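First comes the structure, then the notes that go with it.
The values are calculated or read from the model by the stated rules, or taken from the named source; none is laboratory data. Keep in mind that what you see is a predicted model, and the values were worked out from it rather than measured. With ideal geometry, Cβ positions are generated from the backbone for all residues, glycine too; neighbour counts draw on all protein chains shown. Each accessible area value is taken on the protein alone, full model and side chains, heavy atoms only, with ligands, DNA and RNA left out. Shrake-Rupley method; radii C 1.70, N 1.55, O 1.52, S 1.80 Å.
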Amino acid sequence: MSALKRILMAHPRRLWIRYLLAMSLVMAALASSYGMQSTALKDSSFDAEVINIGGRQRMLSQRIMLLAERLGAGRTEQDLEKLTSALALFAQGHAWIIENGLRSDRARRHYHGGSDTGLDARSRAFITLAEALEAELRRGADPAVRLTDLRAVDTDALLWSLNEAVTIFQADAVARADRLVRLEDLALLMAVALIVVEGLAIFWPAQYSVNDALDRLETANAAMQRKNEELGAMAERVAHSALHDPLTGLSNRKKLADALLSRMLSLGPAQSRLCVMHIDLDRFKEINATLGASAGDVVLCNVAKILSGVVRNDDLVTRAGGDEFIILMRFGAVNAVRNAIAMAESVIDKIRQPVVIDDRSVSVGASIGIAFSDRDTTDPRRLLGNAGIALHEAKRAGSNMVRSFDGTMRNIVERQHHLRNEIVRAIETEAFTPVFQPLLEFATGRIAGLEALARWQHHSDGVIAPDDFIGLAESTGLIKEIDWQITRKALDRLAEISRRDGWLPRLTVNASAHSLREPDYASRLVAAIADRGLPPAAVSVEVTETTLIEGESDRAVETIAHLAGHGLGILIDDFGTGYSSMSQLAALPFTGLKIDRSLVSGIEEPRQAKILAAIVGLARGMELKVVAEGVSSPAQFQRLRALGCDFAQGYGISKPLTEDQLLDWLDRYSGAAHEIAC
C-alpha cells in the first residue's frame, strides 16, 4: 500500500492528524484574513486622513485669501489672528502631505512635476507670500504691495491643483480598496474550498471581524461628531462669557469698549448724538453690609432688568463693575441733553422702588452722570471719562441726582488731580496744621475742651479748607498721614497749654477710617500721649458712623476697643446722619456722641426738637456725653441746654483758631464762665 493511501485510509484513531491539519489550515486562513483586514483598515484610515487634509487645504487657501483681502481693507487684531491660524494650518497640512501623503506615482507627479507648475511649488509660493503679508501687517506697515503679490499668485490654478490632488487621493484610495477587495475574494474562495474539503466554517468569523471593525469605525465617527458639536457649543459659551457679566447677563466693559469705538466711527454728522449714561447705586454698600452679598446680587439683577427694560433694541446696557452700570445710546440732535436727563430721572424713579428680599423691603437710589459725543470728543475713553466726571458731580450733589457733563467739571477734576499731587508734597513739608475749636460746657459755661481740625497751609494758595482736600486724601489713602500730622501737632499744643497754664482741657482729634484700620494706630497714639506726659483721659478720638459700616470684624472696631481700653474717650461724630447708629452705640465703647449740625440748625421746629430730645434721652440712658455742634445763636444755645446737652461747639462760641490765636483766646476766656456771645 502506497504512502498516500496509508494517509487517506488512516485509522480512525489517527483522524486527529486530519483535524489538526484542518485546524492549521483554518488558522492560516484566519491569519491571512485578519492580516488583510488590518491592512485594509490602516489603508482606509490613512486614505481618509489624506483626503480630509487635502480637502482642508482647499478651504484654507480660500480662507487665507479672504482674510488677506479683508485685512488689506482695514486691519483688526481678530482678523490678523485668524490669518495667522489659517496660514499655520495650511503650511502644516502641506508639509504633512509632502512627507506622508504621496503614495502613488500620479500623486508625486502632481505635486513635484515641473519646477513652477507642480502643486508643491504653487503651495510653497502661496505660503511664502502670505507669510510676508502677515509680517507686514504685524509691523504695522502698508500691506498693499504684499497683497498685490499675493493676488498675483494664480489662486484659481492653486485651487484647481488642490481639487485635482483630492481627486487623485480619492482615486488612489479606490484603487487600493479594489486590490484589497480582490485579495479578500481570493481569501473567500480559499475559505470556501477549505469548508468544502475540510468541512470547517471559517467564513463567518472573518466576516464577523469585518462587520465588527466597521461598527466600531461608525461608532467612533459618531462620537467624534458629537464631540465636535459639544466643542462648538462650548466655544459659543466661552465667546459669550468673554463679553458678558456672569451675574446680570449684561454686556461687560470689553463689549462696551468695542461698541463705543464702532458707534463713534459710524456716527452721523448731525442727525444724532451718542450718549453715555454712567449709573452708580446709592446705599448699595449698606445693603451688602447689613443683608449680605446675596441680597446685593438680587438688587444688581433687579437694576439690570430695569435698565434693560427702558432702552431700545440697539442701545447697550453694561455692568461696569461693582454697583456701576453704563448705558450707551443715541439721541436726536434736537433737545438731546433735556431728553437724556428726563430719561435718567425716570430710571432713578424706577430704581428707587422697593424690592422685597427675604420678607424685607429694600430700596436703593442711583446717581447718574451723562456725557455726549461731539466734535471735540472723538476718543471713546474721553467720553467715558466725561460721564464719570458728571457722575462724580451728581454724587457730590446728593443721592438720586443727575448731572450732564460740561467743561467746567473737567476743570474741577483737573484741579483735584493737581491737589492730589500737592498733598504728597504738603505731607512731606508738614504743611498740614491744626486749628482748634473750643467746646463749652452747658452746665457751668466754662471751656471744657478743644477739637483739633485740619487746615492746609498751601505754599501759593494760602489756607485750604478741609472740604477741598479731605475727600481727595481719603481716595488716595494719604488721609492717615494727615491725621497723624494733625494729631501730633495738636498733642504738642495741648502739652504746651498744660505746662503754661496748669490747666488741661480735653483734646478731641479726628480719626479717619484709613487711620483706624492701620494695625499700629492705637499703639502709636497711646505712646505719643505718654511721651508728652499727658494722661490718656485728656484725649478723645472722634469717628464717623460710616467708618464702622463694615461690622464687628472690621479692624477699626478693634482699634476703638484698644483705645477705649487705655482710657481714651471715643466720640461718634455726625450722629443721626449715618447708617448704623443704634447697633454701633450698643456694641462699641463710646463715651459720647456729637449731634450733627443739620439737626441743631432746625431745633426751632417742633418735630426736629423732638428728635433731638430723643437723641439726648438715648445718650443719657447709655451714660454718654452729648456734644451739639454748629451752635450759632443764643436761642439754639438755650434750647440745647434745656434739652440736657453737655457741651456746645460752633461759631457762636468761637470759630476755629490757629495755634497763636488759641493762646490769646485762652488768655481771655480760659476758666471763666460765660454765655454764648452772638
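Based on what the data block shows, is Val424 closer than 30 Å to Val276 by Cα, part of a helix (DSSP H, G or I) and open to solvent by less than 70 Å² (accessible area, probe 1.4 Å)? No, not satisfied. Does the range 262-278 contain at least one residue that is farther than 22 Å from Gly385 by Cα and part of a helix (DSSP H, G or I)? No: zero hits.
Pairs meeting the criteria (first residue in the range 84-99 and touching a residue at least 12 places away in the same chain (Cβ under 8 Å) and in a helix (DSSP H, G or I), second residue open to solvent by 60 Å² or more (accessible area, probe 1.4 Å) and not hydrophobic (A, V, I, L, M, F, W, C), beta carbons under 7 Å, at least 6 apart or on different chains) are Ala86/Arg63; Leu87/Glu131; Gly93/Arg56. Can you find a residue that is under 30 Å from Ala642 (Cα atoms) and open to solvent by 40 Å² or more (accessible area, probe 1.4 Å) anywhere in the range 451-459? The answer is no, given that none of the residues of the range 451-459 is under 30 Å from Ala642 (Cα atoms) and open to solvent by 40 Å² or more (accessible area, probe 1.4 Å).
Inspection of the range 493-504 identifies no residue that is touching a residue at least 24 places away in the same chain (Cβ under 8 Å) and closer than 30 Å to Ile287 by Cα. On the stretch given as the range 625-644, residues that are of a type outside the set (D, E, K, R), open to solvent by 10 Å² or more (accessible area, probe 1.4 Å) and at negative phi total 8. When Arg273 is tested against (1) open to solvent by less than 40 Å² (accessible area, probe 1.4 Å); (2) touching a residue at least 40 places away in the same chain (Cβ under 8 Å), just one condition goes unmet, and that condition is (1).
Among residues of the range 134-167 being in contact with a Lys or Arg (Cβ under 9 Å, 6 or more places away or on another chain) and open to solvent by 40 Å² or more (accessible area, probe 1.4 Å), the one that is nearest to Thr84 (Cα to Cα) is Gly140. With respect to the stated conditions, Leu439 fails to be under 23 Å from Gly569 (Cα atoms) and either of a type in the set (Lys, Arg) or open to solvent by less than 10 Å² (accessible area, probe 1.4 Å) (or both). Restricting attention to the range 524-546, the residues being under 19 Å from Glu558 (Cα atoms) and without any contact (Cβ under 8 Å) to a residue 24 or more places away in the chain number 1. Could you go through the range 117-135 and let me know if any residue there is without any contact (Cβ under 8 Å) to a residue 60 or more places away in the chain, farther than 20 Å from Met59 by Cα and part of a loop (DSSP other than H, G, I, E, B). Taking every residue of the range 117-135 in turn, at least one turns out to be without any contact (Cβ under 8 Å) to a residue 60 or more places away in the chain, farther than 20 Å from Met59 by Cα and part of a loop (DSSP other than H, G, I, E, B). Restricting attention to the range 485-520, the residues being closer than 29 Å to Arg555 by Cβ and either outside any helix (DSSP H, G or I) or among the hydroxyl-bearing types (Ser, Thr, Tyr) (or both) number 13.
Residue count for the range 463-484 under the criterion of being open to solvent by 60 Å² or more (accessible area, probe 1.4 Å) and in contact with a strand residue (DSSP E or B) (Cβ under 9 Å, 6 or more places away or on another chain): the result is 3. Six or more apart or on different chains, Cβ atoms under 9 Å: show the pairs whose first residue is in the range 586-611 and over 18 Å from Thr544 (Cβ atoms) and whose second is assigned to a helix (DSSP H, G or I) and of a type in the set (Lys, Arg). So the pair list comes out as Ile603/Arg639; Glu604/Arg639; Ala609/Arg639. Scanning the range 488-517 for residues that are open to solvent by less than 50 Å² (accessible area, probe 1.4 Å) and under 25 Å from Arg668 (Cα atoms) yields Lys489, Ala490, Leu491, Arg493, Leu494, Ala495, Ile497, Ser498, Pro505, Leu507, Thr508, Val509.
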